[in-house]
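First, the structure itself, so that you have it in front of you.
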Amino acid sequence: MSAQAVGREDNMGSLFQRIGLSLGARALPVGVFVAGVLASTYAGVVRYDHAQTERAAAQQDAAEDFLFLLRHRLTLYEGATRDLAALFSASDAIRAEEFSAFITASQVFQRYDGIRVFGYVARVPAGDVARFERDTRREVPGFHLVDPAPAHEYYPVVYGEHAFDPARMTALLGVDFAAFPERRAAMQEAARRGEPVATRRMSTILDSQGRSIVQVYAPVRPPGSGTVKGYIFSTLYTNVMFAGLDNGRMSRQFDLEVYDGSVAPENLVYGAARAPHALAQRGERPAYGSAVRFANRAWLIHLYARPGAGDTEPARAAVLFAMASSLLSLAAAWATAAWLRNRARQRAMHDFSERFAAFFEHHPFSVCAIDKQRRFLHANDQLLRELGVDRQALLGKRAGAYVDPADLASVERQLDEALAGRAVAFATRVPGAAGRMVDMSIVLIPMSTRDDVTHVLGFAENITERKDAERALYESRQMLQLILDNIPQSVFWKNADSVYEGGNRALLADAGLATDADLIGRTDADLHWKDRAPQYRQVDLEVMQSGVARMRMQALDRDIAGAERWVETSKIPLKDDAGNVTGVLAVTEDITARKYMEQELFRLAHHDSLTGLPNRGYFNGQLEQAVARAQRHGGLALMYFDIDRFKGINDTHGHDVGDEVIRMFASRVQAVVREADFVARLGGDEFVLIAEGLQGPAAAAVIAQKIVGAMVPPFQLGAATLQVTTSIGIATFAAGQTARTLIRAADQAMYDAKRAGRNCFRIAAAGDDRSVT
């Protein structure tokens, strides 16, 4: 082969090599860029879907929190009406002043926002209208029945309390609530069920504004009686209750609609939007829906998410993420191309300078190139605007000059990593154009020639707004903790193993701990109430396994000093984004004062104020129960007795001496009867005694003789010395007798004792139930 032929062959090989290198330099970077764009697009879609899922989960959590608060508040509203009805049922001596004092003392209007009225509606039988009006006027001056109908039962308002308009309450006195169909239906249903029943939504009466209300009626039945003597009612202003339930937080996220039973215009209880979503026939489904029971009514709760600024945040975040990923793909493609151009380092640097402006000059992110000496080689317009400098002043300056001095050491380490050939991402603060420090998220990508890093390409995003939002979120969490730390109730939360993960200051005080760090990681077995740890763990498991909250559990407890107290605890399950129960949240409140108040109200309703003995209403209930037990076991005796010639004592010495005689008489009776015997004062100088477990009439006679003998010593009342005696009638239970026949027999026997000369007792013949004449 000739030398000329060999030369031509070498030239052809060199040409093919150059063509191969050229194709490789173009195809590989393009492939990297396309793959990066595809991957970043997919990642952006995934990020968008994830953000949408998180937003939907957050809305559901907010809706469930609101529904929990709503159920709790409605339970309190219903319970307040039931409690007041129970007080009226337990005593037949409640007066208007006592009713008003109870409402004031219990602070129901302050505690239950939305309830504006509590009142009492009496049942007036047909034909008894005139007598009822005459008797009621003695207690309520000026009381009169509005349009009475003597041929029918009448249900007038006797007295009540209005939260802010006493004159309106006065105008309602004497109005027949049964004349209104919704109210009459609720009263009838409450009487049938024996528990509170709410009306449908209706307009107020005697109100020019025609505001919407719901009323709850609870029947008042004396113990042992099947007859309803009236109703306690409460008036709930729906707009006030729903709008102020959570201080308006829910209304900023959702439009609330409440329907009674089914979705229909006439069943709308409350609607926050002018055009209710469920009735607009737009096919719009609620973001969250549930059913709530309130006073034997089924309310359908619909929550519709309101549009807000956060609706576009997932798409914006996904777009920014895809753009950043695309830029990284572009940078990777550029770095690949630079590596392939290893034989033309100087020319590559020149090409980079030319292409930098073409690619990044008008890019929305800040982009720069930094050489191995950490000096700026290139910068786009966005970076110049962020820093507030011109291009000539920036190029050639060290990058550290534009970093917060507090972050300089950290930024230098990141540059060392990038110049060593590793891409890095970090956040730092730089001085901005407005003279304030701004937060920047920075990605540094090393650019190489022949495996030698020649410079670093930097991408920076201004994240000041995001950082400000994160700081605001942290401050809001701190504010929430501050609020929790300043409420009287103990609040804490545990994980699935009942290990404490946090609590407020009240809980720390109850546990005798100084800081939250002393609580986290402990269990109930590590705290001073460790003897009750198994019971607490059992309740935690029941709540977590069922997923259903346990509300208002009351128990007798002891504080860290050993003092006895009553506490009320509510526990709800905590769930993650997938709906799995991860722990429990609990609120515990010291209700000792409330318990004592309930006990005092019970005492006032069931005991005589002069002697402290049970009163007539309490006695009637106890006798019914004693007769029921005697039907199975026998051994029951009833004694009726009074003070002989008591009227003469009152007329001679005055009522003050008479009252003192009654107190001394009651004290002597209590001193000689058995501990199990039930002694009550029926009124005036009349007393009654229930004795159970007796072995025949002789045992009852022993007790009666002790009472007679207890009066032998004279009653010394100041300068007066009185000889007091008593007459006692005894009736022993026989099969088939009722409480009424037993009372009549004992009463007749007492009059037999008086006819026998007083200061003695007589036993009624078995089964004797002659009427007293």
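Please treat every number below as a calculation from the coordinates, not as lab data. Everything numeric in this text was worked out from a predicted model, so none of it was measured. Every residue, glycine among them, receives a Cβ derived from its backbone with ideal geometry; neighbour counts consider all protein chains shown.
If I take every Cα pair under 8 Å that is 6 or more residues apart in the stretch 670-770, average their sequence separation and divide by the length, what percent do I get for the relative contact order?
Details: 146 pairs, mean separation 22.7, N = 101.
Relative contact order comes out at 22 percent.
Given a cut-off of under 8 Å on Cα pairs at least six residues apart, what relative contact order in percent is computed for the stretch 607-763? All intermediate terms of the calculation are to be shown ahead of the outcome.
Numbers: 264 pairs, mean separation 45.7, N = 157.
Dividing the mean separation by the residue count of the stretch 607-763 yields 29 percent.
Calculate the all-directions average of the projected area of the stretch 122-249's alpha-carbon convex hull, and give it in nm². Spell out each step's value before the answer.
Numbers: hull surface 37.5 nm².
Averaged projected hull area, Cα only: 9.4 nm².
Subtract the Cα-Cα distance of VAL37 and LEU69 from 0.36 nm times their separation in residues, and report this length gain in nm to one decimal. If you can, show how the numbers build up before the last one.
Numbers: separation 32, 0.36 × 32 = 11.52 nm, distance 4.76 nm.
Separation in residues times 0.36 nm, less the Cα-Cα distance, equals 6.8 nm.
Separate question: Using the Cα centre as the reference, give the magnitude of the dipole from point charges on the C-beta atoms of the stretch 607-763 (Lys, Arg: +1; Asp, Glu: -1; all else neutral), rounded to the nearest 20 debye.
Details: 16 positive and 15 negative charges, 93 e Å.
The dipole of the stretch 607-763 has a size of about 440 debye.
Between TYR596 and GLN538, what is the label-to-label distance in nm when each label sits 7 Å out along the Cα-to-Cβ direction?
The modelled label-to-label distance comes out at 3.1 nm.
Right, next: Per 0.36 nm of contour for each residue apart, how much would the distance between ASP468 and HIS144 grow if the chain were fully extended, relative to their Cα-Cα spacing?
Numbers: separation 324, 0.36 × 324 = 116.64 nm, distance 6.65 nm.
Here the segment from ASP468 to HIS144 would lengthen by 110.0 nm.
Using the crude model of +1 on Lys and Arg Cβ and -1 on Asp and Glu Cβ, and no other charge, please compute the dipole size for the stretch 171-242 relative to its Cα centre, in debye to 20. Mind showing how you got there, number by number?
Details: 9 positive and 5 negative charges, 31 e Å.
Roughly 140 debye, rounded to the nearest 20.
Name the residue from SER667, LEU682, ALA628 whose Cα lies farthest towards the positive end of the charge dipole of the stretch 623-706, charges +1 on Cβ of Lys and Arg and -1 on Cβ of Asp and Glu.
With unit charges placed on the Cβ atoms, the residue in question is ALA628.
Would you tally the net charge around GLY502, using a Cβ to Cβ cut-off of less than 14 Å, leaving GLY502 out, and scoring K and R as +1, D and E as -1? Mind dumping the intermediate values first?
Numbers: positive: ARG477, LYS494, ARG505, ARG522; negative: ASP485, GLU501, ASP516, ASP518.
Value of the local net charge: 0.
First measure r as the distance between the Cβ atoms of ALA735 and VAL702, then evaluate 1/(1 + (r/R0)^6) with R0 = 22 Å and state the FRET efficiency to the nearest 0.05. Walk me through the intermediate numbers first.
Working: r = 23 Å, r/R0 = 1.06.
The calculated FRET efficiency here is 0.40.
Mean separation of Cα pairs under 8 Å and 6+ residues apart, divided by the residue count of the chain: what relative contact order is that in percent?
Details: 1275 pairs, mean separation 60.4, N = 773.
Dividing the mean separation by the residue count of the chain yields 8 percent.
Along the charge dipole of the stretch 370-528, pointing to its positive end and built from +1/-1 on Cβ of Lys, Arg, Asp and Glu, which listed residue (ALA506, ALA418, GLN481) has its Cα farthest out?
Farthest along the dipole direction, towards plus: ALA418.
Given the pairs LYS229/LYS647; LYS530/LYS595; LYS467/LYS575, which are separated by over 30 angstrom at their Cα positions?
LYS229/LYS647
Moving on to the next point. Scan (i) 33.3; (ii) 27.4; (iii) 35.1 for the value of Kirkwood radius over Cα pairs in Å calculated from this model and give just the label.
(iii)
State the answer as a single residue: which of ALA178, VAL216, PRO166 lies farthest towards the positive end of the charge dipole of the stretch 116-219, with beta carbon charges of +1 for Lys and Arg and -1 for Asp and Glu, about the Cα centre.
My answer, from the dipole projection, is VAL216.
Let me ask you something else. Given 0.36 nm per residue, what is the gain on full extension from THR582 to MET323 after removing their alpha carbon distance, in nm?
Numbers: separation 259, 0.36 × 259 = 93.24 nm, distance 3.69 nm.
Length gained, THR582 through MET323: 89.5 nm.
Let me ask you something else. Where does the chain land at 222 nm, in deg cm²/dmol rounded to the nearest 500, when only DSSP H runs of n ≥ 4 count, each adding -39500 (n - 2.57), divided by all residues?
So the calculated ellipticity at 222 nm is -14500 deg cm²/dmol.
Related question: Taking neighbour Cβ counts within 10 Å as the exposure measure, how do SER490, SER290 sort from fewest upward?
Values: SER490 22, SER290 16.
Taking fewest neighbouring Cβ atoms as first place, the list is SER290, SER490.
Follow-up. Give me the distance in nm between label points sitting 7 Å out from Cα along the Cα-to-Cβ direction at ARG558 and SER448, one decimal.
The answer from the label model is 7.3 nm.
Which order do MET711, MET639, MET664 fall in if you start with the one that has the fewest other Cβ atoms within 10 Å? Let's see the in-between values first.
Numbers: MET711 20, MET639 26, MET664 17.
Going from least to most buried by this count: MET664, MET711, MET639.
Under a point spin-label approximation (7 Å from Cα along Cα-to-Cβ), what is the ARG755-ARG184 distance to one decimal in nm?
My value for the distance between the label points is 5.1 nm.
If you place +1 on the Cβ of every Lys and Arg and -1 on the Cβ of every Asp and Glu, how big does the dipole about the Cα centre of the chain come out, in debye to the nearest 20? Please report the intermediate quantities before stating the final value.
Values: 88 positive and 92 negative charges, 187 e Å.
Dipole of the chain, to the nearest 20 debye: 900 debye.
Can I ask one more? Please work out the FRET efficiency for the pair ASN296 and ALA264, using the Cβ-Cβ distance as r and a Förster radius of 25 Å; give the result to the nearest 0.05.
Details: r = 19 Å, r/R0 = 0.77.
With a Förster radius of 25 Å, E is 0.80.
Further, regarding this structure: Set the Förster distance to 60 Å, then compute FRET efficiency between TRP529 and THR652 from the Cβ-Cβ distance, nearest 0.05. Don't skip to the answer; put the middle values down first.
Values: r = 62 Å, r/R0 = 1.04.
The formula returns an efficiency of 0.45 here.
Which far-off residues, 5 or more places away or on another chain, put their amide H under 5 Å from the one on VAL438, with H placed in the peptide plane?
The list, which skips near neighbours in sequence, is VAL430, GLY432.
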